[in-house]
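> Before anything else, here's the structure in question.
Every number in this text was worked out from the coordinates using simple rules, so none of it is lab data. Given the structure is predicted, the values throughout are model-derived calculations rather than measurements. With ideal geometry, Cβ positions are generated from the backbone for all residues, glycine too; neighbour counts draw on all protein chains shown.
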Amino acid sequence: MKGIKQTQKSKKNIIMVLIYIALTLWALLAVVPLIWTFLSSFKPRFHIVSRPLELPFNKYFTLENYDRIFGGSLNILIAYLNSFYISILVVVFTVIISILAAFVLARFKFRLKPLVEIIVVACMMFPSFALLFPIIRILAAINLFGTKTGVVLPQVALNIGFTTLLLTGFLKSLPIEVEEAAYIDGAKIPRVLIFIIVPMMKSAIVTSMIFVFIWSYNDLFLQMIIIFNQKDYPVSLLLNKLFSKEGGYDHGKMAAAVIMVSFPIMLVYFLLQRHIIKGLTAGAVKG
C-alpha cells in the first residue's frame, strides 16, 4: 500500500514538473519578443538590422527613437489622448448598460426573458467586419462617420454581450436576501441597485471595465474604417501607419512605438490583475 502511494506521488510530481516546464516555455515565447522589442527601441536602425541580438548597452545606445515618436506629424501624445477618449467612453457606456441589463436578467422574470438572453448571446457571435455596412450607414446618418466619436457606438454594441453575460453570472451567485431586506425596509429599486448591488459586484465590474478598455484600446479594424483624419488617430491606428510603407520601415521608431502603445495595457493589467482573477472566478461557485 505504501509503495502504491509513493508511485502515485512520483507520477504526480513528474506531471507537475512537466506542467511547469510547459508554462515556462510558453511564458518565454510570450515575453522574449517583448523584451527584444524593448531593447531594440534603444538602438539605431542600422544596428537593429545588422546586429539584432546585441544588447544596446554600448556606444550605440540612443533615445532618438523615442524623441521622434513624441514629435513631428505622428505625435503619440495626441494619439494617447484620442485612444483614452474613445476607450473611456466605451467603458462607461458599456458597463452602465450591462449593469442594468444584468440586474434585469438575474433578478426579474418576464415573458420575453429567453429572447433577450438569446439577443445578448448573439451580440458576441458577429464580428465587426460582418456588420460593417450597417455600421457605416448608421454613422453616416447621424453625422459621426469619419470622427473618433463614431468609433464609440459600434464598440459599445460589440462589447455589451460579453459584459452582460459576465455580470449576470456574477449577480446570480450573490445572495438575494440582502436585497429583499432592503425592499422590506422601503428601499426602491434604483437605491438597491446603486448602494447594495453595485458595491457587491465591484470585482466583476472592474473586470468588465478592464477587458472592455483593452479591447477598445487595441481595436484597429473599426478605427481604420471610420477614422480618416490624422489628428484623430488613436495609438493602434498610429502604430499601423508606422508599420506601413509611409512609415518607411524605421525599425527603431516602430520598436519605440510598440513599447509606448503597449505600456498602458501592461500597466492596467499589473495594477488590477487581482480584480481580473477574482471577477472571473467569483461567479463560478453558486452561493
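> Taking the Cα centre of the stretch 2-65 as the origin, how large is its charge dipole in debye, to the nearest 20, when only Lys and Arg (+1) and Asp and Glu (-1) carry charge on their Cβ atoms? Write out the running numbers ahead of the final one.
Working: 9 positive and 2 negative charges, 121 e Å.
For the stretch 2-65, the charge dipole is close to 580 debye.
> Neighbouring Cβ atoms within 10 Å as the yardstick, rank ILE15, ILE160 fewest first. Mind dumping the intermediate values first?
Values: ILE15 10, ILE160 20.
Going from sparsest to densest Cβ surroundings: ILE15, ILE160.
> Based only on other Cβ atoms within 10 Å, what is the fewest-to-most ordering of TYR217, TYR20?
Fewest-to-most Cβ neighbours within 10 Å comes out as TYR20, TYR217.
> Students often get this wrong, so try it: which of (1) 50, 23, 12; (2) 26, 22, 18; (3) 40, 32, 17 is semi-axes √(5λ) of the Cα gyration tensor in Å as calculated from the structure shown?
(3)
> Still on this structure, please answer the following. Run the dipole for the stretch 183-266 about the Cα centre, Lys and Arg Cβ at +1, Asp and Glu Cβ at -1, nothing else charged, and hand back the magnitude in debye, nearest 20. Spell out each step's value before the answer.
On the way: 7 positive and 5 negative charges, 29 e Å.
Computed about the Cα centre, the dipole is about 140 debye.
> Select from the chain the helices, each a whole stretch of DSSP H, whose alpha-carbon atoms run 20 Å or more along the helix axis and whose Kyte-Doolittle mean is at least -1.0; answer none if there are none. Intermediate results must be reported in sequence, preceding the final value.
On the way: long enough: 2-40 (56 Å, 0.96); 76-107 (45 Å, 2.29); 152-172 (29 Å, 1.32); 202-218 (24 Å, 1.09); 251-281 (41 Å, 1.13).
TM-like helix candidates: 2-40, 76-107, 152-172, 202-218, 251-281.
> Going 7 Å from the Cα of GLN230 along its beta-carbon direction, which residues of the stretch 129-147 have the amide nitrogen within less than 19 Å of the resulting point?
Of the residues in the stretch 129-147, 146-147 have backbone N under 19 Å from the label point off GLN230.
> Which of ALA157, LEU174, ILE205 sits closest to the plus end of the dipole of the stretch 100-242, meaning its Cα is farthest towards the positive end, when Lys and Arg get +1 and Asp and Glu get -1 on the C-beta?
ALA157
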